[in-house]
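The values are calculated or read from the model by the stated rules, or taken from the named source; none is laboratory data. Model, not experiment: these values are computed from the prediction. Cβ: placed from backbone, ideal geometry, glycine included. Neighbour counts: every protein chain shown. Areas reflect the complete protein model, heavy atoms only, side chains present, ligands, DNA and RNA absent. Shrake-Rupley method; radii C 1.70, N 1.55, O 1.52, S 1.80 Å.
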Amino acid sequence: PDCPACLVLDVQMPGLSGLDLQRQLAGGSRPLPIIFTTGHGDIPMTVEAMKAGAVGFLSKPFRNQDMIDAIKEGIARDRETRKQLDELAEIQARYDSLTSREREVFALVTEGSLNKQIAHQLGTSERTIKAHRAQVVQKMKADSVADLVRMADRLKIVADAETQRRKALPRF
């Protein structure tokens, strides 16, 4: 769905059990928060469900308010997950707008390299690196290098293999 949601499952369902369905959904691109209900639960089953990310595990009979509270929590979790995924997609779109050279500069800046070091590694002038760095900051809508580092961390960006190879070469 295109709105925050959660799933309410009984542990014992015909065919696939609720726990089996939880395992299958966990492998998806965006698993939904799950609330389990059961009339035949035990502690190991509860622990398994909760370790796999269940929002709640309600034993029957349960109070209506307990279910309402669990659903509210599940929807709140999904809303937060959606927000984080939207933010990540926005950062990815900004990163995708960078040229290949700007991506190299981005990776090296976020690793802590100075303009002078980056220029040497990429075989260009420091002035050119300053221009690329300014473009990176503008395109990524960053307020600081710390912002760029946080973005790189969220995107799991590191300098590419060629840049790493150049970095490893002896300097004379």
Scanning region 4-20 for residues that are out of contact with any strand residue (DSSP E or B) (no Cβ under 6 Å at 6 or more places or on another chain), under 26 Å from Glu80 (Cα atoms) and free of Cβ contacts under 8 Å to residues at least 40 places away in the same chain, the one most open to solvent (accessible area, probe 1.4 Å) turns out to be Asp20
All-but-one check, Arg63 against (1) among the charged types (D, E, K, R); (2) open to solvent by 60 Å² or more (accessible area, probe 1.4 Å); (3) touching a residue at least 12 places away in the same chain (Cβ under 8 Å), failing number (3)
Taking region 80-99 and keeping residues surrounded by fewer than 15 Cβ atoms within 10 Å (Cβ to Cβ) and in a helix (DSSP H, G or I) leaves Glu80, Lys83, Gln84, Leu85, Asp86, Glu87, Leu88, Ala89, Glu90, Gln92, Ala93, Asp96
Taking first residues from region 137-153 that are more than 14 Å from Ser97 (Cβ to Cβ) and second residues anywhere that are at pLDDT 95 or above and part of a loop (DSSP other than H, G, I, E, B), the pairs with Cβ under 8 Å that are 6 or more apart or on different chains are Leu148/Ala142
Given the conditions (1) touching a helix residue (DSSP H, G or I) at 6+ places or on another chain (Cβ under 7 Å); (2) more than 25 Å from Leu155 (Cβ to Cβ); (3) not in a loop (DSSP other than H, G, I, E, B), every one holds for Ala5 apart from (3)
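Taking Gly74 as the residue in question, decide whether it is at pLDDT below 90, out of contact with any Phe, Trp or Tyr (no Cβ under 9 Å at 6 or more places or on another chain) and not basic (Lys, Arg). Steps first, answer last, please.
Values: at pLDDT below 90: no; out of contact with any Phe, Trp or Tyr (no Cβ under 9 Å at 6 or more places or on another chain): yes; not basic (Lys, Arg): yes.
No.
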Here the residues within region 24-58 that are open to solvent by 30 Å² or more (accessible area, probe 1.4 Å), touching a strand residue (DSSP E or B) at 6+ places or on another chain (Cβ under 6 Å) and either assigned to a helix (DSSP H, G or I) or hydroxyl-bearing (Ser, Thr, Tyr) (or both) are Thr46
> Scanning for something in contact (Cβ under 8 Å) with a residue 12 or more places away in the chain, among the small types (Gly, Ala, Ser) and farther than 30 Å from His40 by Cβ, does region 101-117 turn up at least one residue?
Replying inline: yes
